[in-house]
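A quick write-up on the structure given underneath.
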Amino acid sequence: DDPDIVAIDGKTSRRAHNRSRGQNPLHLVSAWAARQRLVLGQQACAEKSNEITAIPELLERLELTGARVTIDAMGCQTKIAAAIRN
């Protein structure tokens, strides 16, 4: 039986900002269950550079036992890899 695949990825919502008010666009990190075609959870970031801190917060809320987790280069951090393995 193939493991479930959970893809962790960050995206910026288009037109979710207001420069005149100093509001940055909305940036979310999502956990996508590929087989079920379902978002398991999301974590908002203040800025795209904060994705590294948002990923562990999202992972804390997920039960990933037996799943194969994919993540892009942004998530290739020792702390994030440890959180996925735990």
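Key figures for this structure:
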quantity: Residue order for T70, T78 - accessible surface, 1.4 angstrom probe, largest first; calculated: T78, T70
quantity: Heavy atoms of E57: accessible area, 1.4 Å probe, square angstrom to 10; calculated: 80
quantity: Degrees between helix 51-60 axis and first principal axis of the chain (Cα, 0 to 90, nearest 10); calculated: 40
quantity: Accessible surface ranking that places the most exposed of T12, T65 first, with a 1.4 angstrom probe; calculated: T65, T12
quantity: Placed amide H near R68: partners under 5 Å, 5+ positions off or other chain; calculated: D4, I5, V6
quantity: With every protein chain in place, the range 5-85: carbon and sulfur % of accessible area (1.4 Å); calculated: 50
quantity: Extension reserve of the A81-A33 stretch, reckoned as 0.36 nm per residue once the Cα distance is removed; calculated: 15.5 nm
quantity: Value at 222 nm in deg cm²/dmol, rounded to 500, when DSSP H runs of n ≥ 4 in the chain each add -39,500 (n - 2.57); calculated: -6000 deg cm²/dmol
quantity: In Å², nearest 10: area of C76 left accessible to a 1.4 Å probe; calculated: 100
quantity: Charge sum, other residues only, whose C-beta stays under 12 Å from E57's C-beta, Lys/Arg counted +1 and Asp/Glu -1; calculated: 0
quantity: List L38, L58, ordered by accessible area with a 1.4 Å probe, largest first; calculated: L38, L58
quantity: Per-residue HN-Hα couplings for the range 66-75 [Karplus 6.51, -1.76, 1.60; θ = phi - 60°; Hz; x = Gly/Pro]; calculated: x, 8, 9, 9, 10, 7, 7, 4, 4, x
quantity: Net charge over other residues, Cβ less than 13 angstrom from the Cβ of G41 (K, R count +1; D, E count -1); calculated: -3
quantity: Candidates G66, G75, G41: whichever shows maximal mean-square fluctuation once the chain is modelled as a Gaussian network with Cα springs under 10 Å; calculated: G66
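The values are calculated or read from the model by the stated rules, or taken from the named source; none is laboratory data. Remember, predicted model here, so these are calculated numbers, not experimental data. Glycine also receives a Cβ, built like all others from the backbone with ideal geometry; neighbour counts cover every protein chain displayed. SASA here: full protein model, heavy atoms, side chains in, ligands and nucleic acids out. Shrake-Rupley method; radii C 1.70, N 1.55, O 1.52, S 1.80 Å.
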